[in-house]
Amino acid sequence: MSVTAESVKELEKKQEWWWAAEKKRSKRLDYLRKAMWKKGAIGGLYPLGLYIDLERPVMQTEKAKELESSADPYVIKFAKMLAHVLDNKTIFITDQSQLVGYLGSHPHTITWDPSLAAIVNHEVINDPQAIPEPLDDNLKLIKDITNYWGGKSDFDKLLPQMDLGDVMKVLSGAIGWGVPLARGGYSGKDYEYIMTGVRAFEDIIAELDNRIEEADEKAHQFEASRDISELIDKMNNWEAMKITLEAGIRHGRRYARLARIIAENFETDSRRKEELVKIAEACERVPAKPPRTLQESLQYDLFIQLFSRNEAIEGAWPARPDFYHGPYYERDVNVDKTLTREQALDLAGEFLIRAAEVSQYKPKWAREGLQGIEGTWVWTLGGVKKDGSDACNGMTIALLQAARLVRVANPTFAFRWHPKVSDEVMREIFECIRQGLGYPSMRNDPILVANAMHWHGHPIEEARLWVHQACMSPSPATKAGFQPMRMANATANCAKIIEYVFTSGYDNSVNMQIGAETPPVESFASYDEFFDAWITQMKTIFSILVRPVNRARILAPKITPRPFLSAVSERSVESGLDVCEPSISRGNAWITAFTWVENADSLAAVKKLVFDEKKYTLAELKEAVANNWEGKEEMRLDFVKNAPKWGNDDDYVDRIMLDCLRECAKYSHELKCPSGNNWPILPENVSGNIHYANIVGALPNGRRLGDALYDGGISPGPGLDKKGPTAVLKSCSKIDHISDGRAFLLNQRLSPTQLSGEKGYQLWKTYMKTWGDLGIDHVQFNCVSDETLRSAQRDPEKYQEVIVRVAGYSAHFVDISRKTQDNIIQRTVQGL
Amino acid sequence: MARISRDDYAKASGVFGLQPGGVEKIEDEEKVPERPCGLCRHYMESAWSSDGRGSCKILKEGSDITCDPPVFVLEGTNGYMLRILTDASKCTYYEKNDFIDKDGTECSDPAFRRFIRQLKDK
């Protein structure tokens with residue numbers, strides 16, 4: 001179809017960005033985009049048409065059974081199991097593609113790893129629509145596999161070694177999320193080791209061979225000391241690392257062979273034949289040897305990510321694609337001129353699509369808390385180099401432009417803003433936001449570099465090399481700085497803190513005593529006593545969630561090793577220790593604080609209406625919330641309307657917010673991770689505000705059981721910010737974004753009409769300057785009109801491509817639950 | 001707080017399906033009794049996963065409705081842990097819930113949602 005300038009312009013004028021993108025992108029990108037299956041769950045359900053991939057679990061289980069009688073140490077058996085999957089899984093090459101590699105055996109499959117947790121395997125058995133046909137046969141297969149892994153899976157081995165009381169509370173699902181598993185969270189990468197073009201898999205294998213040889217020699221010396229014994233463990237680890245790298249190289253070469261077979265025997269189009277040969281050459285090169293071109297660099301990166309996901313479920317995708325692929329872009333496009341900008345754009349767009357296709361079966365809390373997406377793939381763009389100079393390059397712009405063309409909801413971008421970012425880059429960012437992608441989110445780089453140094457002691461050169469570990473938290477991609485596994489177990493449903501003050505720690509939604517048994521709330525004679533109980537509940541909940549993570553990190557090297565991730569990490573290759581070993585890492589832990597602002601608003605309401613104005617007693621309030629405000633609507637509205645709310649530059653409630661954060665910050669320095677570092681909090685939400693809506697009871701901010709909680713971080717409650725965007729920023733700026741916590745998510749909704757044209761850009765730029773000057777670390781924007789969203793609710797088929805910013809991620813509007821949709825529509829549209 | 005004993009944990013985690021044999025046989029996961037706990041108004045589903053766990057709002061820890069005669073403990077703190085498909089035929093507190101949410105596209109509501117394959121037609 002030929003592009004007519006008028007038709008694209010018309011579509012853009014009507015803000016139908018998705019149709020405009022369809023017309024503007026290349027035929028290749030258009031094909032690949034339409035061939036892509038969206039993988040995010042809607043509410044808690046995987047969409048119709050997606051099926052659980054049974055090929056991998058069968059292979060994995062067969063190999064595990066075969067290895068049972070082997071004398072190999074566990075880490076080597078595990079590495080062999082991973083290698084077996086890579087050597088034998090079905091591979092395919094999508095037509096028109098230039099990058100290859102897929103997690104599942106077919107495009108519409110969700111991979112399932114039965115060796116992670118029996119609890120998840122039972123979810124697979126119960127899944128209402130993702131089990132492939134024939135149902136009876138495949139159910140039997142799933143059950144046989146589940147039976148085999150019962151008691152053997154990572155989680156089954158780990159849980160009995162934890163505090164059982166903590167385990168019961170975590171698995172209730174009331175106070176938090178996640179699993180304390182080295183293979184079930186998000187893995188950072190030591191990109192400074194593996195992605196700078198200095199080395200690739202063969203180089204690392206050579207190093208491992210040297211280290212094994214040296215260690216073997218030492219191990220046969222006359223002395224028999226503890227060191228000798230430890231050398232044997234190290235040699236096992238190195239051997240396992242080698243197995244995974246060799247499997248990775250073979251896997252790449254499988255694609256090379258396939259590409260050549262297709263080119264020689266099946267492809268009739270001469271241009272496509274050439275492309276297939278190029279794919280073969282790329283896959284013969286990487287991951288064995290360092291990449292030479294942009295295509296090889298992206299292919300190499302993709303292989304590393306897929307191999308890491310072959311080893312673990314990864315709920316995030318820490319990456320800095322412009323920083324590490326930028327040099328190849330520069331050489332290919334601007335120096336050697338072997339690629340045109342359009343060709344480079346195609347590669348960038350395809351890279352986004354390949355990432356969007358990744359899917360791994362997740363438990364219910366993950367599907368509901370990350371509605372519409374597979375995980376928080378938040379890629380870091382911009383920022384600075386080690387020396388502090390601007391890191392933006394041609395690849396930064398290519399990725400921003402490609403994102404507008406392919407319009408995937410995931411991955412999204414987060415841009416490390418600093419005062420020296422060029423106007424050209426700012427305009428590209430603005431276009432992404434204005435065209436309704438919901439990303440990039442904006443990060444205040446100077447603040448976050450200082451934050452990383454403050455909380456975790458990262459030296460400034462390393463702090464400057466930070467990437468998003470998930471959607472918000474910085475983590476350097478360096479030898480000692482990177483975080484091998486962020487266990488999302490340390491994710492707190494913070495609204496429970498204030499709820500438990502009223503129930504003395506009893507949770508009515510899961511019928512368990514979870515929090516501290518603080519005195520009955522009606523016994524508190526002052527606000528200070530009330531707040532003390534809040535602090536006790538906060539410490540109780542946080543410690544319940546952190547203890548299992550600490551324990552799991554300590555046990556991980558033995559029970560749940562990561563030989564592949566270790567193989568691509570300098571500190572493990574050097575030391576022979578598993579990458580999760582705390583002693584070789586600086587530590588970068590944090591507690592994600594979901595449903596956070598409800599605390600400040602509720603405390604402010606109690607302080608004002610109970611203690612200052614003495615309008616109600618705590619006993620009355622306790623009864624009202626226990627009964628979900630039934631028969632007390634007037635009282636409830638009093639707590640909604642006549643108590644100050646966060647986000648209005650009101651010192652009364654803003655001061656309370658600071659008190660809460662600073663108590664947490666104080667406690668964060670007491671809580672230590674196994675590396676000896678701190679546990680700061682990070683208020684943000686994903687779609688936890690909807691997932692927890694029926695799990696958190698009525699609260700003193702006027703909320704009822706079942707109401708959506710606030711949308712996250714330090715964002716004011718929907719509709720409760722009444723004084724405009726500057727007041728929101730001013731409230732947020734009272735927080736010290738370096739020392740009061742790890743980072744603070746702020747959602748803002750902007751009017752698409754107001755952002756049009758040059759005037760719109762200048763308005764946004766002014767807003768961003770205010771934001772930057774106020775030292776706020778984060779902001780992200782929704783820029784879609786109510787009219788479009790309501791139309792999408794009525795006719796979802798016509799609005800399949802509308803994207804919204806949910807919280808720390810974006811999703812296609814039609815791929816999230818109705819309640820989440822309504823919650824987004826409710827958010828205040830700020831006039832700039 | 002008293003440390004949970006391994007026996008108690010095994011019992012509760014048996015309900016969780018975390019230990020081998022935690023569900024007597026995997027095939028038992030297809031047996032939908034006439035009166036499963038999951039359809040009772042007093043049942044609360046786990047907020048963590050859809051593996052079939054939950055607890056009772058009325059019966060407390062120490063109860064056992066599967067033995068003969070059944071044991072009903074009404075006093076105590078924590079709810080009795082059981083599964084959606086636990087047979088409640090001997091439970092005298094069973095009350096069929098008027099509304100069960102089988103729409104998987106909305107999020108967890110422990111009081112109403114029983115979105116598992118086995119209850120699709122119930």
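Points to keep in mind about this one:
- Unit charges at the beta carbon, dipole of the protein assembly as shown: most positive-side option, A:Pro548, A:Pro520, A:Gly44: A:Gly44
- Cβ-placed point charges (K, R +1; D, E -1), dipole of the range A:182-293 about Cα centre in debye, nearest 20: 760
- Computed over the Cα atoms of the range A:198-290, the ratio of the radius of gyration to the Kirkwood radius (Rg/Rh) comes to 1.28.
- Burial ranking of peptide ranges A:448-454, A:19-25 (average Cβ count within 10 Å, highest at the top): A:448-454, A:19-25
- Residue separation of A:Asp528 and A:Asp233 scaled by 0.36 nm, minus their Cα-Cα distance, works out to 100.8 nm of gained length.
- Residues of the range A:287-316 with amide N under 13 Å of a point placed 7 Å along Cα→Cβ from A:Asp203: A:288-292
- Whole-Å distance, taken between Cα centres, linking the range A:346-379 and the range A:399-430: 18
- MRE, 222 nm, helices only [DSSP H, n ≥ 4, -39500 (n - 2.57), over the protein assembly as shown, to nearest 500]: -13500 deg cm²/dmol
- Averaged over the residues of A:125-135, the number of partner chain Cβ atoms lying within 10 Å of the residue Cβ comes to 4.
- Working note: Karplus 6.51/-1.76/1.60 with θ = phi - 60° gives the range A:376-384 the couplings 7, 7, 9, 8, 8, 10, x, x, 10 Hz, where Gly and Pro are set to x.
- Label-point separation in nm, B:Lys31 to A:Arg427, each point 7 Å along Cα→Cβ: 7.1
- Across the range A:555-676, the relative contact order, built from alpha-carbon pairs under 8 Å that are at least six residues apart, equals 28 percent.
- A Förster radius of 22 Å combined with the Cβ-Cβ distance from A:Ile261 to A:Tyr31 puts the calculated FRET efficiency at roughly 0.55.
- Magnitude of the charge dipole, the range B:32-122, Cβ model with Lys/Arg +1 and Asp/Glu -1, debye to 20: 140
- Residues with amide H under 5 Å from that of A:Asp113, placed H, sequence gap 5 or more: A:Tyr361
- Counted over all Cα-Cα pairs of chain A, pairs farther apart than 50 Å make up 14 percent.
- Reported to the nearest whole Å, the Cα centre-to-centre distance from the range A:79-128 to the range A:723-789 is 40.
- For the pair A:Glu663 and A:Glu62, label points projected 7 Å from Cα toward Cβ lie 5.8 nm apart.
- Of the trypsin sites (Lys or Arg not before Pro) found in the range A:649-722, those that fall in a DSSP loop while having at most 15 other beta-carbon atoms within 10 Å are A:Arg704, A:Lys722.
- The distance linking the range A:6-24 with the range A:254-328 is 32 Å (Cα centroid to Cα centroid, whole angstrom).
- Averaging 1/r over each pair of different alpha-carbon atoms in the range A:723-832 and inverting the result gives 15.1 Å, the Kirkwood hydrodynamic radius.
- Mean separation of Cα pairs under 8 Å and 6 or more residues apart, divided by the residue count, gives chain A a relative contact order of 15 percent.
- Shown in residue order for the range A:703-708 are the 3J(HN,Hα) couplings computed by the Karplus curve 6.51 cos²θ - 1.76 cosθ + 1.60 at θ = phi - 60°: 6, 9, 4, x, 5, 4 Hz (x for Gly and Pro).
- Estimated FRET transfer efficiency when R0 is 30 angstrom, pair A:Ser105-A:Ser70 (beta carbons, to 0.05): 0.70
- Residues of the range A:96-132 with an amide N closer than 19 Å to a point placed 7 Å from the Cα of A:Gln161 along the Cα-to-Cβ direction: A:115-119.
- A convex hull fitted around the alpha carbon atoms of the range B:32-122 yields 89 Å³ per residue.
- Note on the range A:198-290: Lys pairs 8 or more places apart or on different chains, Cα atoms under 19 Å apart, count 4.
- Nearest-0.05 FRET efficiency for A:Asn627 and B:Ser89, computed from C-beta distance (R0 35 Å): 0.60
- Dipole moment magnitude, nearest 20 debye, the range A:179-233 about Cα centre, only Lys, Arg, Asp, Glu C-beta charged: 420
- When the Cα positions of B:Pro36, B:Pro110, B:Ile65 are compared along the charge dipole of the range B:32-122, B:Pro36 comes out farthest toward the positive end, with charges on each C-beta of Lys, Arg, Asp and Glu.
- Highest mean packing first, where packing is the average number of other Cβ atoms within 10 Å per residue, the peptides A:343-356, A:479-492 line up as A:479-492, A:343-356.
- Modelled label positions at A:Asp95 and A:Lys23, each set 7 Å beyond Cα in the direction of Cβ, lie 2.6 nm from each other.
- Each of A:Cys471, A:Cys673 was scored by other Cβ atoms within 10 Å of its Cβ. Listed from fewest to most, they are A:Cys673, A:Cys471.
Bear in mind these aren't lab numbers, they're just calculated from the coordinates by the rules spelled out. What you are looking at is a predicted structure, and each value in this text was computed from that prediction instead of being measured. Cβ sites come from the backbone with ideal geometry, for glycine too, and all protein chains shown count toward neighbours.
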